[in-house]
1. Give the residue that is nearest to TYR300 (Cα to Cα), with candidates limited to residues of segment 156-183 that are of a type in the set (S, T, N, Q) and either in a loop (DSSP other than H, G, I, E, B) or touching a Gly at 6+ places or on another chain (Cβ under 8 Å) (or both).
2. Quick one: in segment 127-142, which of the residues that are surrounded by fewer than 23 Cβ atoms within 10 Å (Cβ to Cβ) and in contact with a strand residue (DSSP E or B) (Cβ under 7 Å, 6 or more places away or on another chain) is nearest to TRP258 (Cα to Cα)?
3. Looking at (1) without any contact (Cβ under 8 Å) to a residue 12 or more places away in the chain; (2) of a type in the set (D, E, K, R); (3) farther than 24 Å from VAL184 by Cα, which is the only condition ARG69 fails?
4. Any residue at all in segment 212-225 that's closer than 30 Å to LEU47 by Cβ, surrounded by 20 or more Cβ atoms within 10 Å (Cβ to Cβ) and of a type in the set (Asp, Glu)?
5. So, GLN335, is that one within 30 Å of LYS183 (Cβ to Cβ), of a type in the set (S, T, N, Q) and loosely packed, with under 15 Cβ neighbours inside 10 Å or not?
6. Looking at segment 15-45 only, could you name the residues that are among the hydroxyl-bearing types (Ser, Thr, Tyr), over 23 Å from ALA3 (Cβ atoms) and either without any contact (Cβ under 8 Å) to a residue 60 or more places away in the chain or out of contact with any Phe, Trp or Tyr (no Cβ under 7 Å at 6 or more places or on another chain) (or both)?
7. Inspect segment 66-86 for any residue being at pLDDT 95 or above, more than 20 Å from ILE348 (Cβ to Cβ) and β-branched (Val, Ile, Thr) and give the result as yes or no.
8. Looking at LEU247, LEU318, LEU324, LEU328 in this structure, which one is closer than 22 Å to ALA191 by Cα, part of a loop (DSSP other than H, G, I, E, B), among the aliphatic types (A, V, I, L, M) and touching a residue at least 24 places away in the same chain (Cβ under 8 Å)?
Amino acid sequence: MAAFWQGKSVFMTGHTGFKGSWLSLWLQMIGARVTGFALNPPSTPSLFQLAGVENITSSITADIRDRKRLNEALQAAEPEIVIHMAAQPLVRESYHLPVETYTTNVMGTVNLLEAVRRAKSVRTVIIVTSDKCYENQETNHPFREDEPLGGYDPYSSSKACTELVTAAWRSSFFNPEQYGRHKVAIASVRAGNVIGGGDWAKDRLIPDFIRSLEQDESIYIRSPHAVRPWQHVLEPLYGYLMLARRLYEDGPEFSGAWNFGPLDSEAESVEWVVKRLCDKWGNGAYYESAEGPHPHEAGYLRLDISKAQSYLGWSPSLNLDQALDLTLDWVRAWQAGNNMDDTTREQIKYYMNML
């Protein structure tokens with residue numbers, strides 16, 4: 001893998017976020033040159049700062065909704081590969097900020113794809129959306145990439161819209177049947193519920209768990225019976241790296257939508273995960289159910305990953321217990337005052353050795 005990425009120019013939006021920071025470090029470790037375009041880190045502390053991501057990327061602090069600035073930045077970077085991660089990423093936040101959610105997630109993607117249209121260097125584009133982009137009827141089956149898109153809440157709906165935008169630009173301006181003319185291959189990726197060290201987002205299970213521990217409080221869970229496709233952050237990121245290479249080398253054969261999630265047997269309820277976290281952490285950690293009405297969130301969500309397994313040769317390498325262990329190991333290292341650049345890189349190396 002490293003041989004392919006050596007010297008590749010990558011333009012990444014949202015590189016200051018949780019997933020973006022992990023991917024920026026990984027790309028730098030395997031020899032790529034990363035130009036990042038994003039707002040300031042979404043939390044304090046942040047993985048971006050703790051792991052020194054700001055020191056190994058060429059960072060542009062700007063808003064994905066600023067079409068002119070984005071176009072200028074992408075043109076100047078002359079990337080071969082574009083990875084679009086910038087987003088308003090939270091379901092509950094989308095209830096409070098619906099307009100901002102749509103303008104960022106939908107029009108931000110439009111702006112990015114329009115900038116790609118004007119960039120002669122780009123060969124590969126990956127648009128990161130969400131496992132929540134499907135029309136979820138709670139029918140207890142894993143979603144395939146060809147199933148209907150939808151969304152109850154503004155966040156989920158905005159991600160479905162992002163998928164539609166990506167498909168429209170691919171058909172209209174980067175049609176795989178005309179690849180010989182434009183030489184650009186575009187794919188969208190839908191990952192499960194990612195966990196890992198360095199995530200401090202509000203209203204996410206693991207960050208809420210850590211905050212409760214720090215304050216010596218009970219962990220409150222909103223939807224104990226909700227089932228999610230939990231996976232360590234490195235799992236889908238490896239899928240993105242594999243897909244980017246195949247898009248670059250084989251073009252239209254790998255254009256389209258792709259799911260990256262855990263094995264079906266690893267999808268567990270919120271309560272199962274929290275119980276496991278409490279057991280692993282020890283020290284009297286405990287949880288309670290949060291009372292009161294809550295905004296609607298899907299009760300059951302799983303992904304069918306057979307396409308990625310069959311055509312990419314990608315498959316999860318970590319089970320949920322291992323993912324939780326890696327996450328808590330990272331948190332303990334941070335609490336102990338360790339060098340988090342070293343810790344994060346060591347976890348990436350550990351994962352690469354597993355592969």
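The values are calculated or read from the model by the stated rules, or taken from the named source; none is laboratory data. Worth saying up front: this structure is predicted, and the values here are computed from it rather than measured. No Cβ is skipped: glycine too gets one built from the backbone with ideal geometry, and neighbour counts run over all protein chains shown.
1. Initially, segment 156-183 is screened for residues of a type in the set (S, T, N, Q), giving 156-158, 162, 166, 171-172, 175, 178.
Now drop any that are not either in a loop (DSSP other than H, G, I, E, B) or touching a Gly at 6+ places or on another chain (Cβ under 8 Å) (or both), which leaves 156-158, 175.
Numbers: SER156: 14, SER157: 17, SER158: 19, ASN175: 34 Å.
If we take residues in segment 156-183 being of a type in the set (S, T, N, Q) and either in a loop (DSSP other than H, G, I, E, B) or touching a Gly at 6+ places or on another chain (Cβ under 8 Å) (or both), then SER156 is nearest to TYR300 (Cα to Cα).
2. Here the answer is PRO142.
3. Failed condition: (3).
4. Looking only at segment 212-225, we keep the residues that are closer than 30 Å to LEU47 by Cβ, and these are 212-224.
Going one step further and asking which of them are surrounded by 20 or more Cβ atoms within 10 Å (Cβ to Cβ), we end up with 219, 221.
With of a type in the set (Asp, Glu) added as a condition, the list becomes none.
Scanning segment 212-225 turns up no residue that is closer than 30 Å to LEU47 by Cβ, surrounded by 20 or more Cβ atoms within 10 Å (Cβ to Cβ) and of a type in the set (Asp, Glu).
5. On the way: within 30 Å of LYS183 (Cβ to Cβ): no; of a type in the set (S, T, N, Q): yes; loosely packed, with under 15 Cβ neighbours inside 10 Å: yes.
Here the answer is no, as GLN335 does not meet what is asked.
6. Filtering segment 15-45 down to residues among the hydroxyl-bearing types (Ser, Thr, Tyr) leaves 16, 21, 24, 35, 43-44.
Right, trim to over 23 Å from ALA3 (Cβ atoms) and you get 16, 21, 43-44.
Within segment 15-45, THR16, THR44 meet the criteria.
7. The initial filter retains those residues of segment 66-86 that are at pLDDT 95 or above, namely 66-86.
Those still in the list that are more than 20 Å from ILE348 (Cβ to Cβ) too: 66-80, 82, 84, 86.
This time we only want the ones that are β-branched (Val, Ile, Thr), so: 82.
Looking through segment 66-86, at least one residue is at pLDDT 95 or above, more than 20 Å from ILE348 (Cβ to Cβ) and β-branched (Val, Ile, Thr).
8. Working: LEU247 fails: part of a loop (DSSP other than H, G, I, E, B); LEU324 fails: part of a loop (DSSP other than H, G, I, E, B); LEU328 fails: part of a loop (DSSP other than H, G, I, E, B).
The conditions single out LEU318.
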